[in-house]
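See structure below.
The values are calculated or read from the model by the stated rules, or taken from the named source; none is laboratory data. Model, not experiment: these values are computed from the prediction. For neighbour counting, all protein chains shown are included, and Cβ atoms are generated from backbone atoms with ideal geometry for every residue, glycine included. Only protein heavy atoms, including side chains, enter the accessible area calculation; ligands, DNA and RNA are left aside. Shrake-Rupley method; radii C 1.70, N 1.55, O 1.52, S 1.80 Å.
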Amino acid sequence: MKIRVSAVQYHLHTIRSFEEFARQCEHYIKTAQEFGSEFVLFPEFFTTQLLSIGSEQGTSLTINELPGFTEQYKMLFSNFAKDTKMHIIGGTHVINRDGRLYNVAHLFYPDGRIEEQAKLHITPTEVHEWNMSPGEGLRVFDTDRGRIAILTCYDIEFPEIVRMAKAKGADVIFCPSCTDDRHGFHRVRYTCHARAIENQIYVVVTGTIGSLPTVDFMRANFGQAAVITPNDIPFPPKGIMVEGELNDDMIVTADLDLSLLYEVRERGSVTTWRDRRTDLYVDWEKENIEG
């Protein structure tokens, strides 16, 4: 089975209204639709652009006020998914649940369903500057095009959680990210490659670009979208199916052939998933069955 995916290098800049945000999102959605995509990925924290609107008094908005846009955001993206018949991973949006802030990825289905995956590993900035809380559990999502997982930015730097996702049957990991410099960008990018090799899966990653001069901790962004594969004969030699131009406003698109994953897991030049030493460390497939 082949699935077509697009990933958005979302350009952050100051806006004046929610309608302006909606028009920019619609541009990317329609572009992906014109390419015939079935899944489209937006980056982490892209909705912080809404904070640049400011208050009616002309003062800056803070991260604590971003959850106030949640219903508008969910309605907008749910309508996009229903109208285009695409699955949309709407980046991440900050929500308030029981007085605590969570960085949550939203999956919008073509039939109107909305599923959530909170970020599980929280960076020091998110903890100390934004007082965010980590999510409590990993989910995988069934679609009519296969089983996927959504792991946000810092999450992909932890091999255990991706092992768990693969053990639960995920063949594609969507990774919305937001990094402000080359160091952070390459941490995410290199570990995406490692996770694809270790688990013989696809990883679709993207990040924010541009800047929000009036939003704290969103003034610098360094990003690039990529579709990353295992490193074996059926795939590109560097494990990169497609990648965008660094820090350009654009969208990238590629076809993922799931049958190639099953092929290399059985008969690849290396079979990293099958050759795990589960006598030495946790067998997440067994844990998943017993759980």
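Details
- Ordering of 258-270, 95-107, 5-17, 155-167 by burial proxy (mean other Cβ atoms within 10 Å per residue, highest first): 5-17, 155-167, 95-107, 258-270
- Point-to-point label distance, Glu34-Asp248, nm (Cα→Cβ direction, 7 Å offset): 1.6 nm
- Remark: relative contact order (region 168-209) = 58 percent; criterion is Cα-Cα distance under 8 angstrom and separation of 6 or more residues.
- Here the simple spin-label model places points 7 Å from the Cα toward Cβ, and for Arg187 and Asp83 these points are separated by 3.8 nm.
- Taken as Cα centroids, region 225-243 and region 161-220 sit 15 Å apart, rounded to the nearest whole angstrom.
- Taking Cα centre as origin and charging only the Cβ of basic (Lys, Arg, +1) and acidic (Asp, Glu, -1) residues, the dipole magnitude of the chain rounds to 380 debye.
- Based on Cα contacts under 8 Å between residues 6+ apart, the chain shows a relative contact order of 21 percent.
- Peptide packing for 203-209, 279-285 was compared via the average number of neighbouring C-beta atoms within 10 Å per residue; ordered from the highest value, the list is 203-209, 279-285.
- With every protein chain in place, the chain: carbon and sulfur % of accessible area (1.4 Å): 49 percent
- If R0 equals 35 Å, the separation of the Cβ atoms of Thr143 and Phe217 corresponds to a calculated FRET efficiency of about 0.60.
- Applying 0.36 nm per residue to the separation of Leu280 and Glu263 and subtracting their alpha-carbon distance, the gain on full extension is 3.5 nm.
- Where [x] 27.4; [y] 13.7; [z] 15.1 are the candidate values, the label of the one calculated here for mean projected area of the Cα convex hull in nm² is [z].
- Å² per residue, accessible surface of the chain at 1.4 Å: 44 Å²
- Between Ile29, Ile114, Ile251, the GNM of the chain built on Cα springs shorter than 10 angstrom shows Ile114 fluctuating the most.
- Summed over qualifying helices (DSSP H, 4 residues or more, each -39500 (n - 2.57)) and divided by its residue number, the chain shows a 222 nm mean residue ellipticity of -8500 deg cm²/dmol.
- Restricting attention to the chain, close to 60% of DSSP beta bridges with both partner residues there are antiparallel.
- Between region 254-276 and region 1-53, the alpha-carbon centres lie 31 Å apart.
- Whole-Hz couplings from phi, Karplus 6.51/-1.76/1.60, listed for region 114-120; x for Gly and Pro: 10, 10, 10, 9, 6, 4, 9
- Cα-based Kirkwood hydrodynamic radius, region 228-291, one decimal, Å: 14.5 Å
- Normalised by the number of residues in region 106-162, the average gap of Cα pairs under 8 Å and 6 or more apart makes the relative contact order 28 percent.
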